[in-house]
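*Asks:* One structure follows; several queries about it will come next.
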């Protein structure tokens, strides 16, 4: 028999964390994602089923809503991305689909995207070296699509100025990671701890 195991977007079996003075970069492989797009003849009440099931409302454009189990952020008109801990929602797509029924199309995005979390004081300076987004002015739970290394990514502000998540196509994970490392090295230095 073959032994099968999953690899992170960076090609490892475990998440990678890079530590710098006042900056940390983490490859988040513990998340699952599903994209939901409202169908043309959707019931106007279907959003209440999302609130009933997950305890959160669909966010407005450029925003994210954080729930106890599931997070949702806006990515396009009538399109949202659901994000959850993979250990709690192995089949996030199925859970969302059974909640919205025929009112929306739901697609699993777990292996299509990579997520890097940037934490601590230098986070927004690192981002500002990589894209035109003024991340220093982003408020908590704001989201924005932008180009990073010629690739369309989503930037999600988890905590004003100090915590951000970058979601990028999985096939660009190595390129995005290298760019983040180069930007981090330009604003701070590696930590010895």
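The values are calculated or read from the model by the stated rules, or taken from the named source; none is laboratory data. Just so we're clear, the structure is a prediction, and the values are computed from it rather than from any experiment. All Cβ positions, even for glycine, are placed from backbone atoms using ideal geometry, and neighbour counts span all protein chains on display.
*Asks:* May I ask you to say which residue of 60, 90 is surrounded by fewer than 20 Cβ atoms within 10 Å (Cβ to Cβ) and either modelled with pLDDT of 95 or more or closer than 30 Å to residue 138 by Cα (or both)?
*Replies:* The conditions single out 60.
*Asks:* Of all residues being at pLDDT below 90 and in contact with a helix residue (DSSP H, G or I) (Cβ under 8 Å, 6 or more places away or on another chain) in region 11-43, which is surrounded by the most Cβ atoms within 10 Å (Cβ to Cβ)? Just the residue, please.
*Replies:* Among residues in region 11-43 that are at pLDDT below 90 and in contact with a helix residue (DSSP H, G or I) (Cβ under 8 Å, 6 or more places away or on another chain), the one surrounded by the most Cβ atoms within 10 Å (Cβ to Cβ) is 42.
*Asks:* Condition first: at pLDDT below 95 and either within 19 Å of the chain's Cα centre (by Cα) or closer than 24 Å to residue 17 by Cα (or both). Now tell me which residues in region 98-111 satisfy that.
*Replies:* Matches in region 98-111: 110, 111.
*Asks:* With (1) in a loop (DSSP other than H, G, I, E, B); (2) modelled with pLDDT of 90 or more; (3) surrounded by 15 or more Cβ atoms within 10 Å (Cβ to Cβ) as the list, and residue 8 as the residue in question, which single condition is left unmet?
*Replies:* That leaves (2) as the condition not met.
*Asks:* With respect to residue 47, is the statement that it is assigned to a strand (DSSP E or B), at negative phi and not assigned by TED's automatic domain parsing to the domain that holds residue 168 true? Break it down stepwise before answering.
*Replies:* Numbers: assigned to a strand (DSSP E or B): no; at negative phi: yes; not assigned by TED's automatic domain parsing to the domain that holds residue 168: yes.
Criteria not met by residue 47.
*Asks:* Among the residues in region 115-124, are any in a helix (DSSP H, G or I), touching a helix residue (DSSP H, G or I) at 6+ places or on another chain (Cβ under 7 Å) and in the same structural domain as residue 21 (by TED's automatic domain parsing)?
*Replies:* Filtering region 115-124 for residues in a helix (DSSP H, G or I) gives 123-124.
Right, trim to touching a helix residue (DSSP H, G or I) at 6+ places or on another chain (Cβ under 7 Å) and you get 124.
Narrowing further to those that are in the same structural domain as residue 21 (by TED's automatic domain parsing): 124.
The answer is yes, given that some residue of region 115-124 is in a helix (DSSP H, G or I), touching a helix residue (DSSP H, G or I) at 6+ places or on another chain (Cβ under 7 Å) and in the same structural domain as residue 21 (by TED's automatic domain parsing).
*Asks:* Let me ask something else. With respect to the numbered conditions (1) in contact with a strand residue (DSSP E or B) (Cβ under 6 Å, 6 or more places away or on another chain); (2) farther than 23 Å from residue 6 by Cβ; (3) in a strand (DSSP E or B), which one is the sole condition not fulfilled by residue 133?
*Replies:* Looking at each condition in turn, residue 133 falls short on (3).
*Asks:* Now a separate question. Among the residues of region 44-52, is there at least one that is closer than 20 Å to residue 118 by Cα and at pLDDT 90 or above? Break it down stepwise before answering.
*Replies:* Quick first cut of region 44-52, residues closer than 20 Å to residue 118 by Cα only: none.
Scanning region 44-52 turns up no residue that is closer than 20 Å to residue 118 by Cα and at pLDDT 90 or above.
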